[in-house]
Amino acid sequence: MSATSPVTNNPYLSLREQQAEFLAGLLDPRTGVPSSVQAQEGLGREARFDIYRTAYRQRLKGVLRSDHPAVAHVVDCRFDRLADAYIDATPSTWHSLRNFGDEFPKFLTTTDLPDSMAVAALAGFERSLLDAFDAPDAPRRGSSDLLAVGADGRSLSGIVLHPSVRRIAPGFNVVEQWHAYQEGRPPVPWVGQRTAWALWRGTDRRTSFRALSPFEAMLLPRVLVGDSLAEQCEALADIYEPTQIPPLVASALRRWLAEGWVSELLSEPAD
Amino acid sequence: MNGRAGAPQCVRGVPRTSRSTAAAGLGFGLGLRTPHYDQVAHGVEGVDFFELLSENFMVDGGKPLYYLDAVAERYDVVLHGVSMSIGSVDPPSREYLDKLAALARRAKPAWVSDHLCWTIAGGINSHDLLPLPLSYQALQMVIERVNYVQDVLERPFVLENISTYSTLQPTQMEEWEFINTLTCATGAKVLLDVNNVYVNARNHGFDPHRFLDAIDPDSVQQIHLAGHTDLGDHVIDTHDDAVTDEVLDLYAYTIARLGPVSTSIERDDDIPPLEVLLEELDHVRDIARDQQSVSLAS
């Protein structure tokens, strides 16, 4: 560790070049040891740099395995190969490892994995659970707040959902597969499934999910994009009799309020 | 470092930021890890402070922030990050710093720390603590970055010496010279990881006491202790086991020289029940007490 020539005469790479070269060596195992890695007594340059290469991959693989335990359960020994391919294809641009696997579901659709679309859907379900877990906090309204809207001589014009509420339509039996992992059972055969699901974080801060009724499955996406009640009813009139819609909306709203999904009740003066 | 061409210089005596927190010892703490969140939020005896991993709480809401508030209400806390990448040539992320500043306003930590390393180059994050060359160029850049970070955070910043496996050219000073000049020039403090000193001494072939003797005592804000994996011809900083006797001996040596310093244990893998870490912390507390008794007696 003895000092060499001062920076003004240094023959070495600039710091920027050095960091780019070091990182390139981590990302691509086929590249050689960065030129700035000094020869030292004891371990050779290659062995020293391999410690960093190994740590880089192990850390990222660990994150994917921790975020996607059900996927790892289903694909079993192929998980490492998939993780390596994802790490190669998607170097992290995130500050937090929390986001490293954000593109993992999409990536899985591009692989030659048998049932790749179903496995990708399971990965999407696991990411939705993560997203609901640490989504922003917000107030929650209850049925008494709904009564208060009417008591003020106003009418309900729309609702804002809690930021943790998500709707997914995976197209496969991903929830059954997820339960198999949770209960330590072998993976179940994949089957197509049209059920839509809602995921949310409850008042106890636990992440929950449940199947949506066919009416909720159509209503929820419109609420999530901020449609007013009038717009929602108009859109649903193509499928339901106009007289059916208000009681169905009222029933869904009562349930959503009870489950803590509703953050805000929007109102306007009653006609 | 005096008089070397191209070398950043600093003369002790005019710290850039307040040193008022330097003497404010927090006692003996633990790095808070996910398996222990619930237990700690409900209160445990035998820990003076908790060190929270900043990035675990830089989220929008949910359980992490609930636990943050619960722990910060019961205990003194410090924030410890892994992603600032203070040594990157890439400019610091203002978005990251603003989030960290917001987290600090919420948690009210005694101080905020990160690592003296780089993780990002060209916008790609390795998520690993990568070494800087011990060069004048690197030192000058880090001095500028630390000043900027302290301006954004509006508080003194604390930097941890990392464990390294490669030395990068050019080497123009010793690691402790790099750190001493940095803290002198910026008023930043040191999170002295005694395990990392041991790991580097083994991996690079120097006497760890040279490092501990040379580091400016006034700059040391906190001490880290952790376990490592000894592979014979080299040592990996794994944080997956108890602190080794060799590192505890160095810790005793450090306390004998520095006096009381806030000390915490880190465990990041094979995390045992909290009670096991509390026992280990008691042992560390005893070592520190013994060293202080010896110092007073002499």
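The values are calculated or read from the model by the stated rules, or taken from the named source; none is laboratory data. None of these values were measured; they are calculated from a predicted model. In this analysis, Cβ positions are derived from the backbone assuming ideal geometry, glycine residues included, and neighbour counts consider all displayed protein chains.
Whenever a residue of region A:94-106 is facing chain B (nearest Cβ under 7 Å) and farther than 15 Å from residue B:53 by Cβ, its partners that are surrounded by 18 or more Cβ atoms within 10 Å (Cβ to Cβ) and among the polar types (S, T, N, Q), lying with C-beta atoms within less than 8 angstrom and at least six residues away or across chains, give the pairs A:94/B:125.
Here is a check on your reading of the model: is residue A:139 farther than 28 Å from residue B:129 by Cα and of a type outside the set (S, T, N, Q)? Talk me through it step by step, then tell me what you get.
Details: farther than 28 Å from residue B:129 by Cα: yes; of a type outside the set (S, T, N, Q): yes.
Against the criterion (farther than 28 Å from residue B:129 by Cα and of a type outside the set (S, T, N, Q)), residue A:139 qualifies.
In the list B:225, B:258, B:231, B:248, which residue meets the criterion of being free of Cβ contacts under 8 Å to residues at least 12 places away in the same chain and of a type in the set (A, V, I, L, M)? Break it down stepwise before answering.
On the way: B:225 fails: free of Cβ contacts under 8 Å to residues at least 12 places away in the same chain; B:258 fails: free of Cβ contacts under 8 Å to residues at least 12 places away in the same chain; B:248 fails: free of Cβ contacts under 8 Å to residues at least 12 places away in the same chain.
Testing whether each residue is free of Cβ contacts under 8 Å to residues at least 12 places away in the same chain and of a type in the set (A, V, I, L, M) leaves just B:231.
The residues of region B:115-128 that are in contact with a helix residue (DSSP H, G or I) (Cβ under 9 Å, 6 or more places away or on another chain) and either part of a strand (DSSP E or B) or free of Cβ contacts under 8 Å to residues at least 60 places away in the same chain (or both), listed by number, are B:118, B:120, B:121, B:122, B:124, B:125, B:126, B:127, B:128. Are any of the residues in region B:153-163 within 13 Å of another protein chain (Cβ to nearest Cβ), more than 21 Å from residue B:91 (Cα to Cα) and not aliphatic (A, V, I, L, M)? Yes, some residue in region B:153-163 is within 13 Å of another protein chain (Cβ to nearest Cβ), more than 21 Å from residue B:91 (Cα to Cα) and not aliphatic (A, V, I, L, M).
Of the residues making up region B:165-184, not a single one is among the small types (Gly, Ala, Ser) and out of contact with any strand residue (DSSP E or B) (no Cβ under 6 Å at 6 or more places or on another chain).
Mind listing just one residue for me: the one in region A:1-17 that is modelled with pLDDT of 70 or more and buried (at least 18 other Cβ atoms within 10 Å of the Cβ) and, of those, nearest to the other protein chains (Cβ to nearest Cβ)? Spell out how you get there, then give the answer.
Within region A:1-17, the subset modelled with pLDDT of 70 or more is A:13-17.
Now drop any that are not buried (at least 18 other Cβ atoms within 10 Å of the Cβ), which leaves A:13, A:15.
Numbers: A:13: 8, A:15: 5 Å.
The selected residue is A:15.
Here residue B:228 qualifies as crowded, with 18+ Cβ neighbours inside 10 Å and within 15 Å of residue B:195 (Cβ to Cβ).
Counting only residues that are within 20 Å of the chain's Cα centre (by Cα) and within 14 Å of residue A:255 (Cα to Cα), which one in region A:200-216 is surrounded by the most Cβ atoms within 10 Å (Cβ to Cβ)? Give the derivation first.
If we filter region A:200-216 for residues that are within 20 Å of the chain's Cα centre (by Cα), which is where we start, we get A:200-202, A:205-212.
Now restrict to residues that are within 14 Å of residue A:255 (Cα to Cα): A:200, A:202, A:209-212.
Numbers: A:200: 23, A:202: 15, A:209: 17, A:210: 13, A:211: 12, A:212: 19.
If we take residues in region A:200-216 being within 20 Å of the chain's Cα centre (by Cα) and within 14 Å of residue A:255 (Cα to Cα), then A:200 is surrounded by the most Cβ atoms within 10 Å (Cβ to Cβ).
Within region A:237-252, the set of residues being more than 22 Å from residue A:263 (Cβ to Cβ) and in a helix (DSSP H, G or I) comprises A:245, A:246, A:247. Scan region B:38-75 residue by residue and report those that are part of a loop (DSSP other than H, G, I, E, B), in contact (Cβ under 8 Å) with a residue 60 or more places away in the chain and among the hydrophobic types (A, V, I, L, M, F, W, C). Residues satisfying the conditions are B:44, B:47.
Is it the case that some residue within region B:129-147 is of a type in the set (Val, Ile, Thr), surrounded by fewer than 21 Cβ atoms within 10 Å (Cβ to Cβ) and farther than 15 Å from residue B:81 by Cβ?
Of the residues in region B:129-147, the ones of a type in the set (Val, Ile, Thr) are B:142-143, B:146.
Narrowing the set further to residues that are surrounded by fewer than 21 Cβ atoms within 10 Å (Cβ to Cβ) leaves B:143.
Then drop every residue that is not farther than 15 Å from residue B:81 by Cβ, which leaves B:143.
Looking for residues that are of a type in the set (Val, Ile, Thr), surrounded by fewer than 21 Cβ atoms within 10 Å (Cβ to Cβ) and farther than 15 Å from residue B:81 by Cβ, one finds at least one in region B:129-147, hence yes.
If we scan region A:43-62, do we find a residue that is surrounded by 15 or more Cβ atoms within 10 Å (Cβ to Cβ), part of a loop (DSSP other than H, G, I, E, B), facing chain B (nearest Cβ under 7 Å) and more than 31 Å from the chain's Cα centre (by Cα)?
yes
Only one of the listed residues (A:55, A:47, A:20) is at pLDDT 95 or above and either over 24 Å from residue B:90 (Cα atoms) or charged (D, E, K, R) (or both). That residue is A:47. Taking region A:113-150 as the search range and keeping residues that are within 12 Å of another protein chain (Cβ to nearest Cβ) and of a type in the set (Asp, Glu), which one is farthest from the chain's Cα centre (by Cα)? If we take residues in region A:113-150 being within 12 Å of another protein chain (Cβ to nearest Cβ) and of a type in the set (Asp, Glu), then A:137 is farthest from the chain's Cα centre (by Cα). Of the conditions (1) at pLDDT 95 or above; (2) more than 24 Å from residue B:43 (Cβ to Cβ), residue B:295 fails just one. Which one is it? Single failed check for residue B:295: (1).
Right, residue A:167: in contact with a Leu (Cβ under 7 Å, 6 or more places away or on another chain) and either more than 24 Å from residue A:108 (Cβ to Cβ) or more than 14 Å from chain B (Cβ to nearest Cβ) (or both) or not?
Here the answer is yes, as residue A:167 does meet what is asked.
As an exercise: evaluate residue B:181 against (1) in a helix (DSSP H, G or I); (2) buried (at least 23 other Cβ atoms within 10 Å of the Cβ); (3) over 15 Å from the mean Cα position of the chain (by Cα); (4) not basic (Lys, Arg) and give the number of the one condition it does not meet. If we test residue B:181 against (1) in a helix (DSSP H, G or I); (2) buried (at least 23 other Cβ atoms within 10 Å of the Cβ); (3) over 15 Å from the mean Cα position of the chain (by Cα); (4) not basic (Lys, Arg), just (2) comes out false. If only residues of region B:191-211 that are hydrophobic (A, V, I, L, M, F, W, C) and surrounded by 23 or more Cβ atoms within 10 Å (Cβ to Cβ) are counted, the one that is nearest to residue B:229 (Cα to Cα) is B:199. Note on region B:96-118: residues that are within 16 Å of the chain's Cα centre (by Cα) and more than 8 Å from chain A (Cβ to nearest Cβ) amount to 9. The number of residues in region A:223-248 that are surrounded by fewer than 18 Cβ atoms within 10 Å (Cβ to Cβ) and closer than 20 Å to residue A:268 by Cβ comes to 9.
Among the residues of region A:157-176, are any charged (D, E, K, R), over 27 Å from residue B:61 (Cβ atoms) and modelled with pLDDT of 95 or more? Scanning region A:157-176, I find at least one residue that is charged (D, E, K, R), over 27 Å from residue B:61 (Cβ atoms) and modelled with pLDDT of 95 or more, so the answer is yes. For region A:253-271, which residues satisfy the criterion of being part of a strand (DSSP E or B) and surrounded by 12 or more Cβ atoms within 10 Å (Cβ to Cβ)? Within region A:253-271, A:262, A:263, A:264, A:265, A:266, A:267, A:268 meet the criteria. What are the residue pairs meeting all of these: first residue in region A:193-210, first residue away from chain B (no Cβ under 14 Å), second residue part of a loop (DSSP other than H, G, I, E, B), Cβ atoms under 6 Å, and 6 or more apart or on different chains? Going by the 6 Å Cβ cut-off, the qualifying pairs are A:193/A:173; A:196/A:169; A:196/A:212; A:198/A:212. Number of residues in region B:141-165 that are closer than 29 Å to residue A:42 by Cβ, in a loop (DSSP other than H, G, I, E, B) and within 15 Å of the chain's Cα centre (by Cα) equals 4. Can you find a residue that is surrounded by fewer than 20 Cβ atoms within 10 Å (Cβ to Cβ) and closer than 22 Å to residue B:30 by Cα anywhere in region B:76-92? Yes.
Residues in region B:126-149 that are more than 8 Å from chain A (Cβ to nearest Cβ) and either at pLDDT below 95 or more than 19 Å from residue B:10 (Cβ to Cβ) (or both): B:129, B:131.
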